[in-house]
Amino acid sequence: MVATSSSHNSDRDSDIGRLAAEARDGSRFAFQQLATQLEPRVFRMIYYRTRSREDAEDICQEVFLTAFRSIRKLKQPERFESWLFRIAVNRVKDYHRRQKFRSLFSVLHDTDSEDNAEPPAERSPGTIDAIVHKEFWQKVQTMLGQLSKMEREVFSLRFLDDLGIKEIAEILSKSESTVKTHLYRALGKFKNDAAFRAFIKEARP
Amino acid sequence: MRTDAVDHIPENRIIRIVADSTELTPEEKAHLDQCGHCRNMLADLEGDLHQLRRQAAQAAPAPERRFVLPVDRSRQHPWRRWRWGWTALGTAASAALLILFLQVGGGDRLPGLPPTGPTEAAWVDPEMEEVNRLAENALPEAYLALSEGLEGGYDEGFIDFLIPPLDSDPVS
């Protein structure tokens, strides 16, 4: 099972590396192929950290546009994916900085809007999904809140975004041993969070 | 590695294996093949993490906008590429000509307009203004010519008839 997954990832990586090399040499078609292939993952990665579809779409556009404009500087096309996620991580950090700055001036407004938030009018399937998703993200938020900033980042990149240790190290500009140290700690906390794991298990089909 | 209950794979090793499968040693792999307890512990943790990833993906919406590459300017017709260049060049040339014309044409006035300005108006003498006004209101040329004719060629007999000389007055 592990061998099959590795083989699949290896094929995918070599395909991405080939397309990235072509895109670096000026092929717009190759870059569009890369975007088509990686956009859903990059979008989800950004959404997990912003919880706003509109903002995630905007940031995702920025990420691919930045990558397109800078791809000629990419020295190792086989590392395109890590490079792209690194751009995405930095864009998300910029987003949170902006949000933090804005929140300084809109505390009252946000409180009002939370108080005035109307309950769902009817229990349509879409509304139920929205409630389930909201509850899920609240639980995830609580679980991640127990982790340090770095633990949270490596845990999310490894288990939500499905990236390898080496890729995470490249994205965060840290050594692999540093990434592993934080990941072990984060995983230990996850393992001991019985309430969250029970919640996750409940949703199993 | 022994497979009895005492020598199960430690929890920290399970965590490391789950975090990075390359951490699994051949001894641990052999142990997992034989020990249901350790295998279940590993599978349980991996299963929860897999479930977390799956649920997160389900709880994320699909993007409504897809990335589209910006227009490739290098593939446009050369005329279209240079169009903005020519426009900019024409604007710059027009501005240069205007500045040159202003400099040569007097500086303090726009070309084509009569010289006006407070400096000239300030030098007008009120007496000269009156002289000019009188000159403008002088008799028409026809009248001036007539009076000139009278002065130049009048009839002496007619004058004498009008104003008789004293020496010919019979009373005196």
Any idea which of (1) in contact (Cβ under 8 Å) with a residue 40 or more places away in the chain; (2) in contact with an Asp or Glu (Cβ under 7 Å, 6 or more places away or on another chain) is the one A:Lys180 doesn't satisfy?
(1)
Considering only the stretch B:10-26, I want to know if a residue exists there that is within 26 Å of the chain's Cα centre (by Cα), assigned to a loop (DSSP other than H, G, I, E, B) and either within 14 Å of another protein chain (Cβ to nearest Cβ) or modelled with pLDDT of 70 or more (or both).
no
Sole residue being on the phi < 0 side of the Ramachandran plot and modelled with pLDDT of 90 or more, chosen from B:Ala88, B:Ala59, B:Ala93
B:Ala59
Note: among A:Glu81, A:Glu62, just one is touching a helix residue (DSSP H, G or I) at 6+ places or on another chain (Cβ under 6 Å), away from chain B (no Cβ under 14 Å) and assigned to a helix (DSSP H, G or I), namely A:Glu81
Can you run down the residue pairs with Cβ atoms below 7 Å, 6 or more apart or on separate chains, where the first is in the stretch B:40-69 and more than 7 Å from every other protein chain (Cβ to nearest Cβ) and assigned to a helix (DSSP H, G or I) and the partner is modelled with pLDDT under 95 and surrounded by fewer than 15 Cβ atoms within 10 Å (Cβ to Cβ)?
none
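The values are calculated or read from the model by the stated rules, or taken from the named source; none is laboratory data. This structure is a prediction, so every number in the text was calculated from the model and none was measured. Ideal geometry is used to build each Cβ from the backbone, glycine not excepted, and the neighbour counts take in all protein chains shown.
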